[in-house]
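These notes are about the structure you will find just below.
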Amino acid sequence: MTAHRSIEKKADLERLRPSQKADHKTVLGEQTLKREECTAGTRVKILEDITNWANDYSSGSPRVFWLTGQAGSGKTTIAYTIAKRFEKDGNALQTVLGGNFLCSRQFEETRERTRIIPTIAYQLARKCKSYADALHHADKFDAVYHDVPTQLEDLLVGPWRQSTHSPKLPLYLIVIDALDEINGEGGSGFLRDLLTAIGGYNLRGFKFLVTSRSDPEVVMLCKSFMSEAVCWLQHVPIEEAELDIGTYLKTKLPKLASSPELAELGRRTGGLFIYAATVVKYLTPYSSITIQEQTEMLSDLLSNSCESASASDATFLIDELYQQIMRDKFSKYKGKFLTRRLCILHTFLCTAERTSTSIVAALVAEGHDDIARAVVEDLHAVLYTQGDRVFWYHASFPDFIFNPVRSNFDNFAFSCNEPAHHNLLGESCFRVMKSGLRFNMGDIKSSFLFDSDNAEGLSENVNNSISAVLRYSCRHWAHHLPSPQLIGIDNLCSCILEFLQTRVLFWIEAMNLLKLCNQCTPMLQHAREWILKVRIICLGCNNN
């Protein structure tokens with residue numbers, strides 16, 4: 001009976017649909033992000049302040065700590081370091097990491113605010129048996145499909161208050177990083193709901209570390225926080241930040257540690273860790289490079305940067321560095337060669353999920369996988385490959401590329417017109433499906449057979465019949481429907497019409513074989529809404 005109950009509880013936890021990609025422990029997987037802890041000897045005071053707050057059991061200690069700062073100031077690295085610190089067993093810390101959710105725009109599931117509480121509930125249940133028992137007994141797992149206030153009440157607050165609280169239970173630290181990465185204004189909305197629940201239900205036993213950029217609404221929500229529960233990274237004395245960055249640079253580039261160029265770089269960073277980290281990657285390409293060449297590259301970089309920039313010029317500093325990287329790697333190409341490489345780069349930044357060079361090449365580069373790989377290698381300072389997927393190191397890079405004011409400079413036009421590129425990718429997806437979809441995609445011998453009757457053979461047939469780029473196109477064509485206001489969507493409209501008239505049933509069959517048939521209805525509904533908007537706009541134009 002005990003074993004049966006254990007299986008039931010495990011099945012219940014899976015109903016929470018936790019996001020594994022948002023968990024700091026899964027950063028080493030092929031579909032997760034590279035993250036590093038703070039370099040030894042850096043961020044000492046900030047980490048100490050957060051650690052002391054998390055370990056403070058007194059009733060007057062704030063239950064939420066807000067860490068904020070501009071893009072590239074190191075918020076995620078600090079949050080990741082704290083999560084790792086409190087996750088470790090056998091240390092002297094009192095508080096235990098109960099759950100964490102590291103938001104990132106690189107994965108759609110880590111940008112949905114309704115995934116946060118179910119994921120934290122899943123992680124907490126694996127740490128605290130009494131909470132897991134209460135969660136199982138409450139049986140309100142359908143809340144995963146409801147709004148955040150309902151999730152807080154049904155999945156966290158209710159079961160927590162019903163669980164048995166032993167005096168020996170630790171405090172549980174919950175880390176929620178990069179709320180500004182949540183879709184739309186969902187980050188500030190989530191924080192408002194969380195603060196309401198903490199205050200309204202007098203929720204005890206938890207400490208919440210939350211990080212975000214200084215969004216005006218978030219700032220307003222956190223105005224009531226005690227000063228010891230707020231850390232503004234932009235207010236850290238520049239001398240302290242530069243000292244930390246100097247330590248980081250000497251650790252990452254030990255052979256340049258005593259060079260005047262590295263010391264000058266430390267002064268030029270304006271206290272931005274992303275600037276220093278990007279330069280380190282820029283100076284350490286995939287191929288071998290000598291110390292002399294590194295020194296010359298660093299000297300050239302310094303000579304092309306502004307000496308008077310400061311921490312208040314964060315965007316200017318980052319833009320200057322990204323401009324240098326783009327100029328260095330792309331200015332040698334002209335005409336169709338430049339256009340193709342930029343199209344590949346823009347596709348890496350616009351795909352619905354982080355994907356491979358071969359899929360990107362099949363979508364926009366006539367299958368030239370070698371060129372797509374060369375783009376990633378050239379831009380190793382801002383892009384990297386994990387498994388077979390291409391990621392960006394920091395969200396400031398796509399921000400730069402999507403802003404024409406920032407990425408078009410000195411007669412170079414590197415910016416991506418995001419709606420226009422989604423239009424192109426939408427057409428590409430329909431082109432791939434037109435050539436790849438057909439009747440009986442699974443090559444099933446008889447229509448009287450269920451899929452389960454031929455599971456092993458069917459799996460092999462699916463892998464042979466549905467290529468990686470066809471899988472991407474089937475799953476994500478709706479993601480690439482651009483704003484209907486975009487000029488020049490006639491070809492895309494024709495593609496959708498042809499798809500709905502002759503190929504939609506083949507697509508549904510393929511989605512079923514991929515075990516994604518539950519996505520068909522939402523995608524078709526999205527397409528219907530898009531077409532209706534296009535018709536309204538067209539009618540308006542005709543009336544005018």
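Restricting the search to region 170-203, which residues are without any contact (Cβ under 8 Å) to a residue 40 or more places away in the chain and over 18 Å from the mean Cα position of the chain (by Cα)?
Result: Leu191, Arg192, Gly199, Gly200, Asn202.
Matching residues to (1) hydrophobic (A, V, I, L, M, F, W, C); (2) assigned to a helix (DSSP H, G or I); (3) in contact with a Lys or Arg (Cβ under 9 Å, 6 or more places away or on another chain):
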residue	(1), (2), (3)
Ala381	yes, no, yes
His422	no, yes, no
Ser428	no, yes, no
Phe439	yes, no, no
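I'm told His380 meets every condition in (1) out of contact with any Leu (no Cβ under 6 Å at 6 or more places or on another chain); (2) open to solvent by 50 Å² or more (accessible area, probe 1.4 Å); (3) not charged (D, E, K, R) except one. Can you identify the failing condition by its number?
(2)
Considering only region 82-110, how many residues are free of Cβ contacts under 8 Å to residues at least 40 places away in the same chain and either among the hydrophobic types (A, V, I, L, M, F, W, C) or outside any loop (DSSP other than H, G, I, E, B) (or both)?
As a first pass, look at region 82-110 and keep what is free of Cβ contacts under 8 Å to residues at least 40 places away in the same chain: 85, 88-92.
Now narrow it down to the ones that are either among the hydrophobic types (A, V, I, L, M, F, W, C) or outside any loop (DSSP other than H, G, I, E, B) (or both): 85, 92.
So the answer is 2.
Would you tally the residues in region 51-96 being out of contact with any helix residue (DSSP H, G or I) (no Cβ under 8 Å at 6 or more places or on another chain), of a type in the set (D, E, K, R) and at pLDDT 85 or above?
Residues flagged as out of contact with any helix residue (DSSP H, G or I) (no Cβ under 8 Å at 6 or more places or on another chain), of a type in the set (D, E, K, R) and at pLDDT 85 or above within region 51-96 amount to 1.
Looking at region 228-248, can you tell me whether even one residue there is touching a residue at least 60 places away in the same chain (Cβ under 8 Å), open to solvent by 40 Å² or more (accessible area, probe 1.4 Å) and among the polar types (S, T, N, Q)?
Yes, some residue in region 228-248 is touching a residue at least 60 places away in the same chain (Cβ under 8 Å), open to solvent by 40 Å² or more (accessible area, probe 1.4 Å) and among the polar types (S, T, N, Q).
Regarding Ala79, is this residue part of a helix (DSSP H, G or I), touching a residue at least 60 places away in the same chain (Cβ under 8 Å), open to solvent by less than 50 Å² (accessible area, probe 1.4 Å) and of a type outside the set (S, T, N, Q)?
yes
Going residue by residue through region 177-198, is there one that turns out to be open to solvent by less than 20 Å² (accessible area, probe 1.4 Å), of a type outside the set (Lys, Arg) and assigned to a strand (DSSP E or B)?
Within region 177-198, one or more residues are open to solvent by less than 20 Å² (accessible area, probe 1.4 Å), of a type outside the set (Lys, Arg) and assigned to a strand (DSSP E or B).
For region 472-488, enumerate the residues that are crowded, with 18+ Cβ neighbours inside 10 Å, over 9 Å from Gly426 (Cα atoms) and of a type outside the set (D, E, K, R).
Tyr472, Cys474, Pro484 - these are the residues of region 472-488 that are crowded, with 18+ Cβ neighbours inside 10 Å, over 9 Å from Gly426 (Cα atoms) and of a type outside the set (D, E, K, R).
Could we say that Ala143 is without any contact (Cβ under 8 Å) to a residue 60 or more places away in the chain, small (Gly, Ala, Ser) and closer than 19 Å to Leu13 by Cβ here?
It is true that Ala143 is without any contact (Cβ under 8 Å) to a residue 60 or more places away in the chain, small (Gly, Ala, Ser) and closer than 19 Å to Leu13 by Cβ.
Looking for whichever is open to solvent by less than 70 Å² (accessible area, probe 1.4 Å), in a helix (DSSP H, G or I) and more than 26 Å from Glu87 (Cβ to Cβ) here; the options are Leu156, Leu221. Which one fits?
Leu221
Restricted to region 115-139, and to residues that are open to solvent by 30 Å² or more (accessible area, probe 1.4 Å) and outside any helix (DSSP H, G or I), which residue is farthest from Pro170 (Cα to Cα)?
Asp139
Looking at region 48-61, which of its residues are under 23 Å from Val219 (Cβ atoms) and open to solvent by less than 20 Å² (accessible area, probe 1.4 Å)?
Of everything in region 48-61, those that are under 23 Å from Val219 (Cβ atoms) and open to solvent by less than 20 Å² (accessible area, probe 1.4 Å) turn out to be Ile50, Trp53, Ala54, Ser61.
Out of (1) open to solvent by 50 Å² or more (accessible area, probe 1.4 Å); (2) out of contact with any Asp or Glu (no Cβ under 7 Å at 6 or more places or on another chain); (3) within 30 Å of Phe141 (Cα to Cα), what's the single condition that is false for Lys45?
The one condition Lys45 does not meet is (3).
Considering only residues that are within 22 Å of Gln20 (Cα to Cα) and at pLDDT below 90, which ones fall in region 185-212?
Pass one, region 185-212, residues within 22 Å of Gln20 (Cα to Cα): 186-187, 190-191, 194, 206-212.
Hits for region 185-212 are Gly186, Gly187.
Which of the residues that make up region 55-64 are closer than 15 Å to Met226 by Cα and over 26 Å from the mean Cα position of the chain (by Cα)?
Within region 55-64, Asp56, Ser58, Ser59, Gly60, Ser61, Pro62, Arg63 meet the criteria.
Mind checking which residues of region 489-504 are surrounded by 17 or more Cβ atoms within 10 Å (Cβ to Cβ) and either within 30 Å of the chain's Cα centre (by Cα) or modelled with pLDDT under 90 (or both)?
The answer is Ile489, Leu492, Ile496.
Looking at Asp388, Asp369, Asp313 in this structure, which one is acidic (Asp, Glu), modelled with pLDDT of 95 or more and surrounded by fewer than 16 Cβ atoms within 10 Å (Cβ to Cβ)? Lay out the reasoning, then the answer.
Numbers: Asp388 fails: modelled with pLDDT of 95 or more; Asp313 fails: modelled with pLDDT of 95 or more.
Matching residue, one of Asp388, Asp369, Asp313: Asp369.
What are the residues in region 334-363 that are open to solvent by less than 20 Å² (accessible area, probe 1.4 Å) and either in contact with a Gly (Cβ under 6 Å, 6 or more places away or on another chain) or on the phi > 0 side of the Ramachandran plot (or both), if any?
Listed by number, the list holds a single entry, Ala361.
Residues in region 252-262 that are open to solvent by 80 Å² or more (accessible area, probe 1.4 Å) and either assigned to a helix (DSSP H, G or I) or within 15 Å of Val279 (Cα to Cα) (or both): how many? Please lay out each step first, then the result.
Of all residues in region 252-262, those open to solvent by 80 Å² or more (accessible area, probe 1.4 Å) come to 254-255, 258, 260.
Of the ones still in play, those that are also either assigned to a helix (DSSP H, G or I) or within 15 Å of Val279 (Cα to Cα) (or both) are 254-255, 260.
Residues in region 252-262 being open to solvent by 80 Å² or more (accessible area, probe 1.4 Å) and either assigned to a helix (DSSP H, G or I) or within 15 Å of Val279 (Cα to Cα) (or both): 3 in total.
Only residues in region 365-382 that are in contact (Cβ under 8 Å) with a residue 60 or more places away in the chain count as the first member; pair them with residues that are among the hydrophobic types (A, V, I, L, M, F, W, C) and crowded, with 19+ Cβ neighbours inside 10 Å, Cβ under 8 angstrom, at least 6 apart or cross-chain, and list the lot.
Within 8 Å, the pairs are Ala381/Val279; Ala381/Ile325; Val382/Ile325; Val382/Trp392; Val382/Phe397.
Just to be sure I understand, how many residues within region 60-76 are assigned to a loop (DSSP other than H, G, I, E, B), in contact with a strand residue (DSSP E or B) (Cβ under 9 Å, 6 or more places away or on another chain) and not polar (S, T, N, Q)?
Counting residues in region 60-76 that are assigned to a loop (DSSP other than H, G, I, E, B), in contact with a strand residue (DSSP E or B) (Cβ under 9 Å, 6 or more places away or on another chain) and not polar (S, T, N, Q) gives 3.
The values are calculated or read from the model by the stated rules, or taken from the named source; none is laboratory data. What you are looking at is a predicted structure, and each value in this text was computed from that prediction instead of being measured. Counting neighbours? That spans all protein chains shown, and the Cβs are built from the backbone with ideal geometry, glycine included. Surface accessibility is based on the protein's heavy atoms, side chains included, excluding ligands, DNA and RNA. Shrake-Rupley method; radii C 1.70, N 1.55, O 1.52, S 1.80 Å.
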